[in-house]
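Single-structure report; data block below.
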Amino acid sequence: MEDLSKLKVTALAGGVGAAKFLRGLIEVVPQENVSIIGNVGDDLTLYGLHISPDLDIVMYTLADLVCKEKGWGIEEDSFNCLNMLSRYGFDPWFKLGDTDLATHIYRTYLLKSGLTLSQATLELCRKLGLKIRLIPVTDDYLRTVIYSDAGRLTFQEYFVKMKCEPKVLGIVFEGAEEAEPSSGVFEALEEADVIVLCPSNPILSIGPILAVKGIRSFLRRSLKPIVAISPIVAGKALKGPADKIMLELGLKPSALTVAEFYRDFLKVFIVDVRDGNLKFEVEQIGIKVVLTDTIMSSLSKQITLARETLKAALEIHNINC
Ligand code: FO1
């Protein structure tokens, strides 16, 4: 078995599940060897501030600042600023804590000073003591828009304001066709020994990343071990609305459906032991399945899942070489 700590890993990530997996990964592989291509489809502008929730969830989790109970925001944050804004007449539907606000203020300041989102993200990460490379998939406009029975909604309006209640009729990644991948994206994919698709919502979190020019075709052509972890266990999303949305789009919520999303490039799929009955069907579409416990309820489980994932990727690579 190769020394896992020497591997260069590039991960596609969005949301809380991804951040938990990555928290385990940085205990297995040094931070300097980890590149993370982050979703920006969830980004929003509020009170004139640029907010990148999926980048911040990764940043805060890896810097051990995240509110563990919610999986986003800062642990023990206060909400004085938001309370005051609500006195001024704003609807405080998006819960921005006082400490969290500093990140959005600094990011917006950097963007207004002429930095790209990638450069601003690098600055934030380094100031938080992180050595990972967190790369927004694009510096251009890219927004996930939900068409629903309540009309056109931005991602956060659907997800937070309306609590995922509207029925989803369609999803569009606005700007994806024109958006250029940010400068570090292909470098990170080319340098990687292993490419990981984190246990994120394949439609809402990984979907916007794969929609950016050239990324999906790079993965299709790549001979590298590409491994994904299923975010669906026993027909239920571990977090978020992936299962509900799949049903509304006429798909069966299952690890098999996730595998279908990635079938044109995925080599290995990490599926929860509770879904052992799906192994045969997934392998029929040409993807090797490794069964393990994917519920990341503690740091030690996050580490174990990261280790299992890298081992599975290397095993398939050695078989194919
Ligand atoms: N999620 C919520 O469910 N409610 C919120 O009010 C909320 C605020 C928020 C503020 C900053 C941030 O970085 C994330 C925040 N999230 C909130 C999480 C976020 O909406 C989603 O988890 C992601 O966009 C999906 O990955």
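The values are calculated or read from the model by the stated rules, or taken from the named source; none is laboratory data. Small disclaimer: the values here were computed from a predicted structure and weren't measured. Methodologically, a virtual Cβ is constructed for each residue, glycine included, from the backbone with ideal geometry; neighbour enumeration extends over all protein chains shown. We work out accessible area using only protein heavy atoms, side chains counted, and drop any ligands, DNA or RNA first. Shrake-Rupley method; radii C 1.70, N 1.55, O 1.52, S 1.80 Å.
Scan around Leu197 for amide H atoms under 5 Å from its own, H built in the peptide plane at 1.01 Å from N, and keep only partners 5 or more places away or cross-chain.
Placed amide hydrogens put Leu12, Val227, Ala228, Ile229 under 5 Å from Leu197.
Tell me which of Gly276, Val196, Ile303 sits at the most positive position along the dipole axis of the chain, charges placed on C-beta atoms (Lys, Arg +1; Asp, Glu -1).
Gly276
Please list the non-local residues whose amide H lies under 5 Å from the amide H of Thr294, H modeled 1.01 Å from N, same-chain partners needing a gap of 5 or more.
Answer set, sorted by chain and number: Val273.
Using a 1.4 angstrom probe on the protein heavy atoms only, could you order Leu55, Leu169, Leu238, Leu46 from most to least accessible area? Each step should come with its number before you reach the end.
Numbers: Leu55 0, Leu169 110, Leu238 80, Leu46 25 Å².
Ranking Leu55, Leu169, Leu238, Leu46 by accessible area, largest first, yields Leu169, Leu238, Leu46, Leu55.
Which of the listed residues, Leu247, Tyr147, Ile74, is farthest toward the dipole's positive end in the chain, when Lys, Arg count +1 and Asp, Glu count -1 at the beta-carbon?
Leu247
Cα centroid distance between the range 221-244 and the range 79-138, in Å?
28
For the range 132-141, in order, what is each residue's ³J(HN,Hα) by Karplus, 6.51 cos²θ - 1.76 cosθ + 1.60 with θ = phi - 60°, in whole Hz (x at glycine and Pro)?
Couplings: 5, 9, 9, 10, x, 4, 8, 9, 8, 5 Hz.
For the peptides 102-109, 18-25, 153-160, 254-261, what is the packing order when you average, over each peptide's residues, the other Cβ atoms within 10 Å and list the highest mean first?
Working: 102-109: 17.0, 18-25: 25.4, 153-160: 19.9, 254-261: 22.5.
The most tightly packed comes first, giving 18-25, 254-261, 153-160, 102-109.
Quick one: how many Å² of Asp43 are accessible to a 1.4 Å probe, rounded to 10?
10
Whole-Hz Karplus ³J(HN,Hα) for the range 207-223, in order, using 6.51 cos²θ - 1.76 cosθ + 1.60 and θ = phi - 60°, x for Gly and Pro?
So the Karplus estimates, Gly and Pro as x, are x, x, 5, 5, 7, 6, 2, x, 6, 4, 5, 4, 5, 4, 7, 5, 9 Hz.
How large is ³J(HN,Hα), in whole Hz, for each residue of the range 95-106 in order, when computed from phi with the Karplus curve 6.51 cos²θ - 1.76 cosθ + 1.60 and θ = phi - 60°, using x for Gly and Pro?
Whole-Hz 3J(HN,Hα) from phi for the range 95-106: 7, 9, x, 4, 6, 4, 4, 4, 4, 5, 5, 5.
Taking H as built 1.01 Å from N, whose amide H comes closer than 5 Å to the amide H of Leu134, not counting residues under 5 places away?
HN-HN under 5 Å from Leu134: Ile36.
Taking all protein chains as present, what is the carbon and sulfur share of the accessible area of the chain, in % to the nearest whole number, probe 1.4 Å?
Working: 7540 of 13940 Å².
Result for the chain: 54 percent of the exposed heavy-atom area is carbon or sulfur.
Would you mind calculating the relative contact order of the range 1-57 from Cα pairs under 8 angstrom and at least 6 residues apart, reporting the percent as a whole number? Before the final figure, lay out each step's value.
Numbers: 63 pairs, mean separation 21.7, N = 57.
Relative contact order for the range 1-57 comes out at 38 percent.
Run the dipole for the chain about the Cα centre, Lys and Arg Cβ at +1, Asp and Glu Cβ at -1, nothing else charged, and hand back the magnitude in debye, nearest 20. Please report the intermediate quantities before stating the final value.
Details: 36 positive and 41 negative charges, 64 e Å.
Here the chain has a charge dipole of around 300 debye.
Give me the accessible area of Val290, 1.4 Å probe, in Å² rounded to the nearest 10.
30
For Lys95, which lysines qualify as cross-link partners when the Cα separation must be under 19 Å and same-chain residues fewer than eight apart are set aside?
Correct list for Lys95: Lys68, Lys70, Lys161, Lys163, Lys239.
Per residue, how much accessible surface does the chain expose to a 1.4 Å probe? Answer in Å², no decimals. It would help to have the intermediate numbers written out before the result.
Numbers: 13940 Å² over 321 residues.
Each residue of the chain exposes 43 Å² on average to a 1.4 Å probe.
Return a whole-number percent for the relative contact order of the range 183-321, with Cα pairs under 8 Å and 6 or more residues apart as the contact set. Walk me through the intermediate numbers first.
Details: 184 pairs, mean separation 30.4, N = 139.
Result for the range 183-321 is 22 percent.
What does the net charge come to around Asp149 if you take all other residues with beta carbon closer than 12 Å to its beta carbon, with K and R at +1 and D and E at -1?
Details: positive: Arg152, Lys167; negative: Glu165, Glu248.
Here the charged neighbours net out to 0.
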